[in-house]
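Colleague: Got a structure here, written out as structure tokens. Questions coming.
The values are calculated or read from the model by the stated rules, or taken from the named source; none is laboratory data. Owing to the predicted nature of the structure, the values given are computational and were not obtained by experimental measurement. Every residue, glycine as well, gets a Cβ built from its backbone with ideal geometry; the counts of neighbours run over all protein chains shown. We work out accessible area using only protein heavy atoms, side chains counted, and drop any ligands, DNA or RNA first. Shrake-Rupley method; radii C 1.70, N 1.55, O 1.52, S 1.80 Å.
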Amino acid sequence: MKKREGTLALLLILLIFFASTSFARNISKRQIDDVSPEIFCEKEYLQKADILWVIPEYNNSPISKHKEWCKEIVSLNKTIGMHGLNHNYREFNYHITDEQLMKGVSEFEECFNQTPKMFKPPQLKISKENRQMIKRHNLELKRFSNQFFHKVYHCSDTGTLPNKFHDIF
């Protein structure tokens, strides 16, 4: 009897957890990762998202060189955050200098005429030293809980879960 009660309690806890997470995801701001002029991004998801996570220089192509694209992104009237520097695999797990970070910030500022306030590392991986550097530059770091409690789409539908999944849950 006790085993059955324990199983029922565990199931109830899991049900409450999933229901509350689903509720949080449905009322929180939607986001889209990997926004760049070099990556195809479905307009549907750019429009659905409240926060756009932009890569300052992807494939050696700085965003500031794409003036029309910059204007188009600004015209969407969304919150824009910085998503890494070049979006290399786990680039923030390795040593990043202040100069490298500031080069990305400068690209962002030149493109959007605003300083980034939020930062999300590619693949959500970041070393302790790089976390400290992000804080020194007054950037709000977004990581795992951000992904868990928000619907996060990906340009070109390249995320772990397909974009359509986020529309359901």
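Colleague: Which net charge results when you count Lys and Arg as +1 and Asp and Glu as -1 among the other residues whose beta-carbon is under 10 Å from that of Thr158?
Modeller: -3
Colleague: With both bridge residues required to lie in the chain, what share of the DSSP beta bridges run antiparallel, to the nearest 5%? Spell out each step's value before the answer.
Modeller: Values: 2 of 15 bridges.
Around 15 percent antiparallel, to the nearest 5.
Colleague: Mind putting a number on the dipole of the range 53-102 about its Cα centre? Charges go on the C-beta only, +1 for Lys and Arg and -1 for Asp and Glu, and I need it in Debye to the nearest 20. Spell out each step's value before the answer.
Modeller: Working: 5 positive and 6 negative charges, 41 e Å.
That gives a dipole near 200 debye.
Colleague: Ok, one more. At each listed q (0.12 Å⁻¹), what is the log10 of I(q)/I(0) that the Debye formula gives for the chain modelled as equal alpha-carbon point scatterers?
Modeller: The Cα Debye sum returns log10 ratios of -0.57.
Colleague: Using a Förster distance of 45 angstrom, determine the FRET efficiency expected from the C-beta separation of Glu44 and Glu5, and round it to 0.05. Please list the in-between numbers first.
Modeller: Values: r = 47 Å, r/R0 = 1.04.
Given R0 = 45 Å and the Cβ-Cβ separation, E is 0.45.
Colleague: Taking a quarter of the surface of the convex hull around the Cα atoms of the range 83-169, what do you get in nm²? Write down the numbers at each step before the final one.
Modeller: Values: hull surface 24.5 nm².
The number I arrive at for the range 83-169 is 6.1 nm².
Colleague: Another question, then. Let me know the charge dipole size of the chain about its Cα centre in debye, to the nearest 20, where only the beta-carbon of Lys, Arg (+1) and Asp, Glu (-1) is charged. Numbers along the way, then the final one.
Modeller: On the way: 25 positive and 20 negative charges, 193 e Å.
With Lys and Arg at +1 and Asp and Glu at -1, about 920 debye.
Colleague: Can I ask one more? Looking only at the range 72-88, which residues have a backbone nitrogen under 16 Å from a spot 7 Å from the Cα of Thr158 in the C-beta direction?
Modeller: From the range 72-88, the list is 83-88.
Colleague: Right, another one. So what is the accessible area of the range 35-169 per residue, in Å², with the probe set to 1.4 Å?
Modeller: Values: 7270 Å² over 135 residues.
Solvent-accessible surface per residue comes out at 54 Å².
Colleague: Something else now. Using alpha-carbon pairs under 8 Å, 6+ residues apart, how would you state the relative contact order of the chain in percent? Mind showing how you got there, number by number?
Modeller: Numbers: 259 pairs, mean separation 44.2, N = 169.
With pairs under 8 Å counted, the relative contact order is 26 percent.
Colleague: Related question: Suppose every Lys and Arg Cβ carries +1 and every Asp and Glu Cβ carries -1, with no other charges. What dipole size does the range 82-169 come out with about its Cα centre, to the nearest 20 debye?
Modeller: On the way: 13 positive and 10 negative charges, 93 e Å.
With Lys and Arg at +1 and Asp and Glu at -1, about 440 debye.
Colleague: Now, a different point. Need one word for the range 125-169: rounded, prolate or oblate. Basis is the Cα gyration tensor (sqrt eigenvalues a ≥ b ≥ c); a/c below 1.5 gives rounded, then a/b vs b/c decides. The partial results should precede the final answer.
Modeller: Details: a/c = 3.16, a/b = 2.56, b/c = 1.23.
The shape class here is prolate.
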